[in-house]
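Enquirer: Here it is, the structure, as C-alpha cells.
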Amino acid sequence: MTEIHLLEMVERYLQGELSEEELLSFEEMRKTHPDIDQMAVKHRLFIDQVERFEKDREYRSMLQDVHHKLSEEGKISPLEKSNRLVYLWGRYKKTIAVAASIAGITALITSGMITSITPKREKAQIENLGRKIDLLEKSQYHTRRELSDVKNKIEIPAIPAKFGGTSFLIDGKGFLVTNAHVVNKAEKITVQNTSGVELAAEIIYSDDSLDVAILKINDSLFKPIKSLPYSINKKASADLAEPIFTLGFPRDEIVYGEGYLSAKTGFKGDTLTCQISISANPGNSGGPVVNKDGQVIGILSTRQTTAEGVVFAIKSENIYNAVSSLKKENNATDIKLPTTSTINKLERTQQVKKIEECVFMVKGY
C-alpha cells in the first residue's frame, strides 16, 4: 500500500467511512505498525484543529453581525476608530492568539505529512554490499611471511586493501565471478581462499550495466579444481518460498547465511535480479546464491536500506551473458561453466563443505 493510499484510508477511518472488514483490518495495522498509528493520531489532531478554527471563525462572524445589527438599531453607539481598535484588541486578543497558534500547528502538521509521503531518493534505498577494509589481519601478514619463498612469482601489494567483497569459481581453472561494483575502483586485486592464502588475480571483464565482473587467478600457488560441485545453468531458478543459502566474506572468515526466494524480480520489478529474504552485510557482494539442489541461481548484490532483510541477487543467466560477451572480445578465453551439480543429494552441511573451497574473498587496492 502506497503512502497516498494509506493517507486516504486514514481519512476514511476518521470519518467513519470504512466497512466493518476494513475497520478491523485497519485497527490491526495500527496495533502492529507504530508509524501508521502515529499517522492516524497526527491526522486526527490536524482535523480537530481545523474544525476548532472553523467554529471560532463562525462564532466571530456571528458576533460581528450582532454588533452591526445593534448598532443600526441605535441600541449601542459606534466607537471611535482609536477606541474601536483598543476595544477589539481587548475583546478578541485571546481569540487571535488561538487562531495564530492553530495556523502555526496546522502548518507544521501539513509540512510533516507532506514530508512523510514524499518519495525518498532511490539511491538511498539500495545499498551495494561491497566491504571497506581498513587494516589487514595479523594472520594475513603471517601467511605472506610463510610464502616468502615464492614472492618473486606473485605480485601481492604490500599495502592494506581498501575494499573488498566475495567471488566464486565459475571454472576450475581459476576463473571467478563477482559484482562489478566490488572491483570497479580497484587498481589491483587479489583473492584469498578460506585458508587465508592470498593469490594474485586480475579483472578480465566487467559490465556495470549487469553489475558482473569476471576475474582470473594468475598465481602458481593456485591449484585448479577439476570439477566444481555446483552447477550454473542459464535457466536455474528457485520457486517462491524455496530455501536458498549463500557464502561470503562480510568479515575475515567465510560466513554462511540462509533464507528463501521472496520475489522473482528485483527492486521495482527489475528483471535482471530477484529478491531474496536473507541477512546480508557489506562484504557479501559477489557471493553465490544457491538453491537446495546445488544450483547457483544468482550473485548476491545489493540490499534495500528502507526494509529489513530485503536483498537482491543478479540472476545466473547474467553470468552466461557476461561469459558470452567476454568470449566475443577474446576468442582465446576458454571458460566452461559447470552444468551438473554433484551435491544435490547431500545434506546442507556437506554441501557447504564442498562449496566453500570455491568461494574467495576479493580485495581491492
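Enquirer: Quick one: in region 260-273, which of the residues that are more than 21 Å from ARG348 (Cβ to Cβ) and not small (Gly, Ala, Ser) is surrounded by the most Cβ atoms within 10 Å (Cβ to Cβ)?
Expert: THR273
Enquirer: Of all residues in region 336-359, which are part of a loop (DSSP other than H, G, I, E, B), in contact (Cβ under 8 Å) with a residue 60 or more places away in the chain and farther than 18 Å from SER237 by Cα? Quick ask: steps written out before the conclusion?
Expert: Of the residues in region 336-359, the ones part of a loop (DSSP other than H, G, I, E, B) are 336-347, 357-358.
Applying the additional criterion that residues be in contact (Cβ under 8 Å) with a residue 60 or more places away in the chain yields 336-343, 357-358.
The answer is LYS336, GLU357, CYS358.
Enquirer: Still on this structure: Looking at region 22-47, which of its residues are out of contact with any Phe, Trp or Tyr (no Cβ under 8 Å at 6 or more places or on another chain), over 30 Å from LYS268 (Cβ atoms) and either modelled with pLDDT of 80 or more or of a type in the set (Phe, Trp, Tyr) (or both)?
Expert: Within region 22-47, LEU24, GLU27, PHE46 qualify.
Enquirer: Let me ask another. Taking region 20-49, which residues are free of Cβ contacts under 8 Å to residues at least 12 places away in the same chain, touching a helix residue (DSSP H, G or I) at 6+ places or on another chain (Cβ under 6 Å) and not basic (Lys, Arg)?
Expert: Initial filter on region 20-49 (free of Cβ contacts under 8 Å to residues at least 12 places away in the same chain): 20-21, 23-25, 27-35, 37-38, 41, 48.
Filter once more, keeping what is touching a helix residue (DSSP H, G or I) at 6+ places or on another chain (Cβ under 6 Å): 29-30, 37.
Matches in region 20-49: MET29, ASP37.
Enquirer: Residue under question is THR333, and the condition is that it be of a type in the set (Val, Ile, Thr) and assigned to a loop (DSSP other than H, G, I, E, B); does it hold? Outline the logic, then answer.
Expert: Details: of a type in the set (Val, Ile, Thr): yes; assigned to a loop (DSSP other than H, G, I, E, B): yes.
Yes.
Enquirer: Filter region 186-229 down to the residues that are in contact with a Phe, Trp or Tyr (Cβ under 7 Å, 6 or more places away or on another chain) and part of a loop (DSSP other than H, G, I, E, B) and list them by number.
Expert: Selection gives ALA186, GLU187, LYS188, ASN193.
Enquirer: Six or more apart or on different chains, Cβ under 8 Å: which pairs go from a residue in region 167-194 that's over 21 Å from THR340 (Cα atoms) to one that's part of a strand (DSSP E or B) and among the acidic types (Asp, Glu)? Could you list them?
Expert: ALA180/ASP207; ILE189/GLU202; THR190/GLU198; VAL191/GLU198; GLN192/GLU198
Enquirer: Can VAL50 be described as in a helix (DSSP H, G or I) and either at pLDDT below 75 or of a type in the set (Asp, Glu) (or both)? Talk me through it step by step, then tell me what you get.
Expert: On the way: in a helix (DSSP H, G or I): yes; either at pLDDT below 75 or of a type in the set (Asp, Glu) (or both): no.
It is false that VAL50 is in a helix (DSSP H, G or I) and either at pLDDT below 75 or of a type in the set (Asp, Glu) (or both).
Enquirer: Also: Taking the residues in region 1-41 that are of a type in the set (D, E, K, R) and touching a Ser or Thr at 6+ places or on another chain (Cβ under 9 Å) as candidates, determine which candidate is surrounded by the fewest Cβ atoms within 10 Å (Cβ to Cβ).
Expert: Going residue by residue through region 1-41, those that are of a type in the set (D, E, K, R) are 3, 8, 11-12, 17, 20-22, 27-28, 30-31, 35, 37.
Filter again for touching a Ser or Thr at 6+ places or on another chain (Cβ under 9 Å), leaving 3, 35.
Values: GLU3: 13, ASP35: 10.
Among them, the one singled out is ASP35.
Enquirer: When you go through GLY104, GLY112, GLY90 one by one, which is the residue that is closer than 30 Å to LYS268 by Cβ, at pLDDT below 75 and either in contact with an Asp or Glu (Cβ under 8 Å, 6 or more places away or on another chain) or not acidic (Asp, Glu) (or both)?
Expert: Values: GLY104 fails: closer than 30 Å to LYS268 by Cβ; GLY90 fails: closer than 30 Å to LYS268 by Cβ.
None of the other options fit; the residue is GLY112.
Enquirer: To continue, here is another question. For region 156-180, which residues satisfy the criterion of being outside any loop (DSSP other than H, G, I, E, B) and at pLDDT 95 or above? Break it down into steps so the answer makes sense when it comes.
Expert: The first filter runs over region 156-180 and keeps only residues outside any loop (DSSP other than H, G, I, E, B), leaving 163-171, 175-178, 180.
Answer for region 156-180, where residues must be outside any loop (DSSP other than H, G, I, E, B) and at pLDDT 95 or above: GLY165, THR166, SER167, PHE168, LEU169, ILE170, ASP171, PHE175, LEU176, VAL177, THR178, ALA180.
Enquirer: On the basis of being surrounded by fewer than 19 Cβ atoms within 10 Å (Cβ to Cβ), over 20 Å from the mean Cα position of the chain (by Cα), in a helix (DSSP H, G or I) and not hydrophobic (A, V, I, L, M, F, W, C), does LYS327 make the cut?
Expert: Values: surrounded by fewer than 19 Cβ atoms within 10 Å (Cβ to Cβ): yes; over 20 Å from the mean Cα position of the chain (by Cα): yes; in a helix (DSSP H, G or I): yes; not hydrophobic (A, V, I, L, M, F, W, C): yes.
Yes.
The values are calculated or read from the model by the stated rules, or taken from the named source; none is laboratory data. Just so it is clear, the structure is predicted and the values come from calculations on it, not from any experiment. Virtual Cβ from ideal backbone geometry, glycine too; neighbours counted across all protein chains shown.
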